[in-house]
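We did not get these values from a lab; they are worked out from the coordinates using the rules stated. These numbers come from a predicted model, not from an experiment. Please note: Cβ atoms are built from the backbone with ideal geometry, for glycine as well, and neighbour counts cover all protein chains shown.
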Amino acid sequence: MNKDRKIYGIDISKGVFDLYNDTAGHLDFKNEEKGFKALLKSLPKDALVVMEATGCYHYRLAQYLHNNKVLVSVVNPLSVKRFIQMKLAKVKTDKSDAKFIFDYATVNEVPLYRALTELQSECLQLYQLLDVYIKQSTVTKNKLHGEKVLGIPSKAVYNSLNRTLKHLQKEILIIENRLLELVKQEQQEQLTLLQTIPGIGLKTALFLVVTTNGFEKFETASQLCSYAGITPTIRQSGSSLRGKSRISKVGNRKLRRLLFLSAFSACRYNKACKAIFDRLVLKGKSKKLALIAVANKLLKQAFAIAKSRLPYDENFVSKLV
């Protein structure tokens, strides 16, 4: 696909974004509506615009270009970083990064961007805000505990922390209810089916649906496991290096944490997960490693349930050899 397109690499930041193309050279635009329109006018019909996933900064531009029928690709920033390191680059500027993104796209097949619907976008924003409030709530609880340990807590401090905690808990409840309401509008069936898997509760199912766009982001279960960062990495070279196998941890930390917590329940009530846990422990593996394997299994079960649109069946046997 790349060979048939004129590739444009974009390095984007809060205020501006830099563009590079081997014909147009370097250009820069304001990261706002006027800048988007100016960029759109300068692009040919066969353009492929490639940018890194940079939190919230890339989203508006990617959505704008996609809505205006321009092909867009949003690539993993870690992949571009490794590409730059491989080039042994000594210069790092916005302009050089735009060129490196261009170079990366010319030698690698990049995935096309899948735009979010308004509902999906709101769900993602709500979940991100929910994560912030939960972290703030934890910090406030820890601070309250710390004040109690002092023995002589200040009434003003104690009352302020209590008010803050109550406010956060109220906001968390409002956001959770709104998020559940939105997901049910389009993904009620999927949400219900995921909860038929022993070990996966409402919150984990909800997070899976939101972060995967209803599992549309992934074509295989392996891709989903890589996204969560629970795939094993092997460190072995010759006879001198025999490192322990570990999970990659390059992925969605929140999803990985939720799956790990769900694994405790799955070890008790999920027949397939319990079998994996018991087998690994009998082999002498650590319980933590066994729980990670269970989390991996849970995620594969969730993927299969979402794609097949069938409820969980503990007696199911795959016909694939």
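Using bins of 5 Å that start at zero, the share of Cα-Cα pairs per bin across segment 118-187 amounts to 3, 17, 22, 17, 12, 10, 8, 6, 4, 2, 0, in whole %.
About its Cα centre, the dipole of the chain is roughly 1500 debye, where the only charges are +1 on Lys and Arg Cβ and -1 on Asp and Glu Cβ.
Among the trypsin sites (Lys or Arg not before Pro) in segment 262-302, those placed in a DSSP loop whose Cβ has at most 12 other Cβ atoms within 10 Å are LYS283. Candidate membrane-span-like segments in the chain, meaning DSSP H helices with Cα atoms spread over at least 30 Å of their own axis and a Kyte-Doolittle mean of 0.5 or above, are 287-308, with no membrane implied. Taking amide H atoms as placed 1.01 Å from N in the peptide plane, the amide H of VAL16 lies under 5 Å from those of ASN31, each 5 or more residues away in sequence or on another chain. In plain terms, the residue of VAL107, VAL183 with the fewest other Cβ atoms within 10 Å comes first and the most crowded comes last, giving VAL107, VAL183. Beta bridges from DSSP with both residues in the chain: antiparallel share about 60 percent, rounded to the nearest 5.
For segment 1-65, which GluC sites (Glu not before Pro) are in a loop by DSSP, counting at most 10 other Cβ atoms within 10 Å? Within segment 1-65, no GluC sites (Glu not before Pro) qualify (loop, at most 10 other Cβ atoms within 10 Å). Compared with the direct C-alpha span, the chain from GLN85 to ARG60 gains 6.2 nm at full extension, assuming 0.36 nm per residue.
If a spin label sat at a point 7 angstrom from the Cα of ASP28 along the line to its beta carbon, the backbone N atoms of segment 88-113 nearer than 18 Å would be those of 91-102. Think of the chain as a dipole: +1 on every Lys or Arg Cβ, -1 on every Asp or Glu Cβ, centred on the Cα centre; then among ILE276, LEU150, LEU71, LEU150 lies furthest on the positive end. Taking LYS34, LYS254, LYS99 in turn, the Gaussian network model of the chain (Cα-Cα springs below 10 Å) assigns the largest fluctuation to LYS34. Note on SER308 and ARG178: with the Förster distance fixed at 35 Å, the Cβ-Cβ geometry gives a FRET efficiency of about 0.75.
Excluding same-chain neighbours fewer than eight residues apart, the lysines reachable from LYS166 by a Cα-Cα span under 19 Å are LYS135, LYS141, LYS143, LYS148, LYS155. Each Cα pair under 8 Å and six or more residues apart adds its separation to the average, and for the chain the resulting relative contact order is 13 percent. Note on the chain: Kirkwood radius taken over Cα pairs, Stokes-Einstein applied at 10 °C and 1.306 mPa s, translational D equal to 70 µm² s⁻¹.
Scoring 209-222, 145-158 by mean Cβ neighbours within 10 Å over their residues and listing the highest first yields 209-222, 145-158. Within segment 78-142, the GluC sites (Glu not before Pro) that combine a DSSP coil assignment with at most 11 other C-beta atoms in a 10 angstrom radius are GLU109.
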